[in-house]
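Every read-out reported here was derived from the displayed coordinates using simple, explicitly stated rules and does not represent laboratory data. As the structure is a computational prediction, the values presented were derived from the model and not from experiment. As a convention, Cβ positions derive from the backbone with ideal geometry for all residues, glycine included, and neighbour counts pool all protein chains shown.
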Amino acid sequence: MKNKKLKSFVEGILSQANISINGKNPWDIHIRNEKFYERVLKDGSIGLGESYMDGWWDCDDLIEFFYRLLPLEPEKKVKKNIKLISYYLGYTVFNRSSKSRAFQIGERHYDIGNEVFENMLDKRLVYSCAYWKDAKNLDEAQENKLDLICRKLYLKEGSRVLDIGCGWGSFVKYASEKYGVQAVGITVSKEQVEYSKKICEGLPVEIRLQDYRDLKDEKFDYIVSVGMFEHVGHKNYRTYMEIASKCLKDDGLFLLHTIGNNTTKIACDPWIDKYIFPNSLIPSLKQITSSIEGLFIVEDLHNFRYYYYLTLVEWLKNFKKNWDKIKNAYPQKYDERFYRMWTYYLCSSAASFKCGDLQLWQIVLSKKSVPHGYLSVR
């Protein structure tokens, strides 16, 4: 009787999104374990994600499932239990993105093995939203994005550029080769440092394993940060901006490329926090503008949110197509549960951008107003 009531409650939520249990539509879910209902109502986001990882339910079109479900904000329909309340309280009281935790994201996500990223991303290993205008494929779209950043900054040959969160070195390599700049890239991932140093060999590029809070008294003509601000955390936004301001020359430009939230939050989705991006948080515009007040001026704001949906779809295709290569690299590490976890991550993320639950912003900042005005680049 208890399970029937729980199933009825879940059915009621899903029906509002035209999702059926064991239905015939590709976005309907198929339950393999009847304990699913109690688990998802008890544990919310964690329960939904972990039960999928454990094979308790399936869905032919997981992106469409989330595209229909997310706008309903189902977590608000389920009363938070004590575990979830404790989780959100932890984000309120403690600095989850403190300096002592800075390298956890590198160890637990970016250092899982280049096999995953080499078989999922484009040829340059750009792990952020591509720019699909006039692009025919992922490689072109990512090169478009790198060039767009360079043009938005109006990079000059011989200038010095800092990339905070340089990933696998794609931007610093591109900017150095195409625009003749000298670059410093910092990251908290050992795998990324090793890879970046290798591909940038012979270029005026320095790669460091370094937290942004350890940047010393250095000055740069330009600063770039692509897909890293999501790891800063709300308690550190002001510190991050103060350091960026200190490192940027008075006439320099700073381009911040970040995923954005429509509303201000202080905690990440619990499943994402546990399995994908520990200690992370998607900022709102309010949080960003508050953190730059008195330090930077917004010269340009560009939202190309839908392009992230297109990017994630391509990553998902590549991941599935190359799964055997990934799995065979380390069979004990890349098992079926990892496959389902990563698929869930890519599909739920794609749906978030498709439905507008998340945004993608490129913000050009200056310390002083650009003389004669900043000319926006698209």
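Overview of values
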{"read-out": "Among Val298, Val364, Val226: highest mean-square fluctuation, GNM of the chain, C-alpha pairs under 10 Å", "value": "Val298"}
{"read-out": "Farthest positive-ward along segment 2-79 dipole, Cα basis, beta-carbon charges - from Leu6, Trp27, Gly49", "value": "Leu6"}
{"read-out": "In sequence order, calculated HN-Hα J values of segment 345-354 (Karplus, 6.51, -1.76, 1.60; Hz; x Gly/Pro)", "value": "4, 5, 5, 5, 5, 4, 5, 4, 7, 4"}
{"read-out": "His30/Lys320 FRET efficiency (R0 22 Å; Cβ-Cβ; nearest 0.05)", "value": "0.70"}
{"read-out": "Antiparallel content of DSSP bridges confined to the chain, in %, to 5", "value": "45 percent"}
{"read-out": "Proximal lysines to Lys216, defined as alpha-carbon separation beneath 17 angstrom and excluding residues fewer than eight positions away on the same chain", "value": "Lys99, Lys246, Lys249"}
{"read-out": "Mean-position separation - Cα centroids, segment 295-347 and segment 110-126, in angstrom", "value": "9 Å"}
{"read-out": "Amide H contacts of Ser284 (H built 1.01 Å from N, under 5 Å, at least 5 apart or other chain)", "value": "Asn261, Lys265"}
{"read-out": "Global geometry of segment 2-79, whether rounded, prolate or oblate, following the gyration tensor of its Cα atoms and the 1.5 cut on a/c", "value": "rounded"}
{"read-out": "Virtual spin-label span in nm between Glu336 and Ile21, 7 Å along Cα→Cβ", "value": "2.3 nm"}
{"read-out": "Förster radius 22 Å - calculated FRET efficiency between Lys133 and Thr289 (Cβ-Cβ, nearest 0.05)", "value": "0.25"}
{"read-out": "Built amide H within the under 5 Å cut-off of Trp57, gap 5+", "value": "Arg32"}
{"read-out": "Listed pairs Lys7/Lys354; Lys123/Lys190; Lys190/Lys235; Lys4/Lys325; Lys197/Lys219 exceeding 31 Å between Cα atoms", "value": "Lys4/Lys325"}
{"read-out": "Rounded to whole Hz, the Karplus (6.51, -1.76, 1.60) HN-Hα couplings of segment 274-288, x for glycine and proline", "value": "6, 10, 10, 10, x, 6, 9, 7, 8, x, 9, 4, 4, 5, 5"}
{"read-out": "Residue among Ser280, Ser176, Ser159 with the largest mean-square fluctuation in a Gaussian network model of the chain, springs linking Cα atoms under 10 Å", "value": "Ser159"}
{"read-out": "Test item: Cα-centred dipole of the chain, Lys/Arg +1 and Asp/Glu -1 on Cβ, debye", "value": "980 debye"}
{"read-out": "Karplus 3J(HN,Hα) series, Hz, for segment 117-133 with 6.51 cos²θ - 1.76 cosθ + 1.60 (x for Gly, Pro)", "value": "6, 5, 9, 10, 8, 6, 5, 8, 6, 8, 9, 7, 4, 7, 10, 8, 4"}
{"read-out": "Shape call, the chain: gyration tensor on alpha carbons, a/c limit 1.5", "value": "prolate"}
{"read-out": "In degrees, nearest ten, helix 82-93 long axis to first principal axis of the chain (Cα)", "value": "10 degrees"}
